Amino acid sequence: MKNNATWLVYTLLLLLMAPMMVWAAPAAKADPVPEKLPWTLREHYTFHGEGLRLDYAKDNAEWRIKEYEEDSESSRMYPKLVLRDVGFSIDVKNGPVLNNELLSATGETTMHREAYNCDILGEGTTYAVEFVPYEGLTVKHSLITMRRWNFIRVVISITNTSGAPVEIAKISPVIISSDNYPNLSVNAVTSTNSLVYEDGKAVLGDTGAVNTIRLFDPDRNVTLLMGFIPTGQGVCEFRKYPAGAPLEGIFETVYDPAVVIADGETMESNPLSIGFGIDAEIMEGQYAYLLRKFCEVPETK
């Protein structure tokens, strides 16, 4: 009899607690961001720079630089990387930070390839990864190559179809994470430059905010130059991480005040030039030419 009474009390307690247990059930977790596929399984373009190659991924617009090797299973699985998986981000004022992972998780991207023409530089090709719209913003990440020139330009465009104005506070077209330069030799040399303006023309200087970074590794025959080509809108800078290697950091353009994109309108980032794998003097000369022809004196408040 005692056992029956005990079970009756236990049963009543379970009935009373059931609604509470249902109420306290944990909320469903958001789907995790899927892990990236290895590069051997990712659709991508490869660009040549003499002894180096630049891979550009369709799934999230990441890119990397590696040494050229004869094609083999070993070279595909274990490439000799110079610069690993470079990303980007866009800071929406009072809104989200849009980056590779967030945008690529929204849906499958579209890869565009189309002719490009410039009165000064001649003919080229635009390779662009277009992401699925996120909160009414369509982001297109482009690499532009030129037929007669050795550099690649990075440009990010943002189209607003949200139905209301959107403000962009910062665009970071190149994000180099810590430890993204694997296997540099002990003889690798790095350097940086700022930009100064003489008679309205941009030239490389040694004081002020860093705009240009270089890497020369004679043991691996590696040459690399990256730098903004400022168009006069926003403040461009390479911001090094407080700790880490000298060339680990973020190329960013800060807009103060923020740039307003009206509904149906598009804005473009300041172009960023990448030279890789070619003779250092040629690389320097071509970048200096870009600065003379395209760089504008920055706006002042």
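I'd like the residue in the stretch 257-301 that is part of a loop (DSSP other than H, G, I, E, B), modelled with pLDDT under 95 and among the hydrophobic types (A, V, I, L, M, F, W, C) and, out of all such residues, is nearest to E50 (Cα to Cα).
Filtering first and then ranking leaves I278.
What is the one condition in (1) among the polar types (S, T, N, Q); (2) touching a residue at least 24 places away in the same chain (Cβ under 8 Å); (3) touching a strand residue (DSSP E or B) at 6+ places or on another chain (Cβ under 8 Å); (4) surrounded by fewer than 18 Cβ atoms within 10 Å (Cβ to Cβ) that S178 does not satisfy?
For S178, the exception is condition (3).
Which of (1) closer than 18 Å to A169 by Cα; (2) under 20 Å from the mean Cα position of the chain (by Cα); (3) surrounded by fewer than 17 Cβ atoms within 10 Å (Cβ to Cβ); (4) not hydroxyl-bearing (S, T, Y) does G232 not meet, given it meets every other one?
(2)
Any residue at all in the stretch 84-105 that's exposed (fewer than 14 other Cβ atoms within 10 Å of the Cβ) and over 22 Å from M267 (Cβ atoms)?
No, every residue in the stretch 84-105 fails to be exposed (fewer than 14 other Cβ atoms within 10 Å of the Cβ) and over 22 Å from M267 (Cβ atoms).
Could you tell me how many of the residues in the stretch 111-124 are under 20 Å from the mean Cα position of the chain (by Cα) and buried (at least 17 other Cβ atoms within 10 Å of the Cβ)?
0
Checking T161 against (1) in contact with a Pro (Cβ under 7 Å, 6 or more places away or on another chain); (2) within 14 Å of W63 (Cβ to Cβ), which test does it fail?
So the condition that T161 fails would be (2).
Given (1) of a type outside the set (A, V, I, L, M); (2) at pLDDT below 95; (3) crowded, with 19+ Cβ neighbours inside 10 Å, where does N160 come up short, assuming only one miss?
(2)
Tally the residues that are over 15 Å from N193 (Cβ atoms), buried (at least 19 other Cβ atoms within 10 Å of the Cβ) and polar (S, T, N, Q), restricting the search to the stretch 235-275.
Of the residues in that region, 3 qualify.
Considering only the stretch 141-150, I want to know if a residue exists there that is surrounded by fewer than 19 Cβ atoms within 10 Å (Cβ to Cβ), closer than 24 Å to K170 by Cβ and of a type outside the set (G, A, S).
Within the stretch 141-150 (the criterion being surrounded by fewer than 19 Cβ atoms within 10 Å (Cβ to Cβ), closer than 24 Å to K170 by Cβ and of a type outside the set (G, A, S)), the answer is no, since none of the residues qualifies.
What are the pairs, 6+ residues apart or on separate chains, where a residue within the stretch 120-141 that is under 10 Å from A61 (Cβ atoms) has its Cβ under 6 Å from a residue that is β-branched (V, I, T) and at pLDDT 95 or above?
V129/T109; E130/T110; F131/T109; F131/V139; V139/I158; H141/V129; H141/I156
Just to be sure, is V203 in contact (Cβ under 8 Å) with a residue 40 or more places away in the chain and either buried (at least 19 other Cβ atoms within 10 Å of the Cβ) or among the acidic types (D, E) (or both)?
So V203 does not fit the description; no.
What are the residue pairs meeting all of these: first residue in the stretch 243-260, first residue in contact (Cβ under 8 Å) with a residue 24 or more places away in the chain and under 28 Å from P182 (Cβ atoms), second residue surrounded by 19 or more Cβ atoms within 10 Å (Cβ to Cβ) and among the acidic types (D, E), Cβ atoms under 7 Å, and 6 or more apart or on different chains?
Cβ pairs passing all conditions: E252/E237.
The values are calculated or read from the model by the stated rules, or taken from the named source; none is laboratory data. All figures in this text were calculated on a predicted structure; none of them were measured in a lab. Glycine gets a Cβ as well: all are built from the backbone with ideal geometry, and neighbour counts include every protein chain shown.
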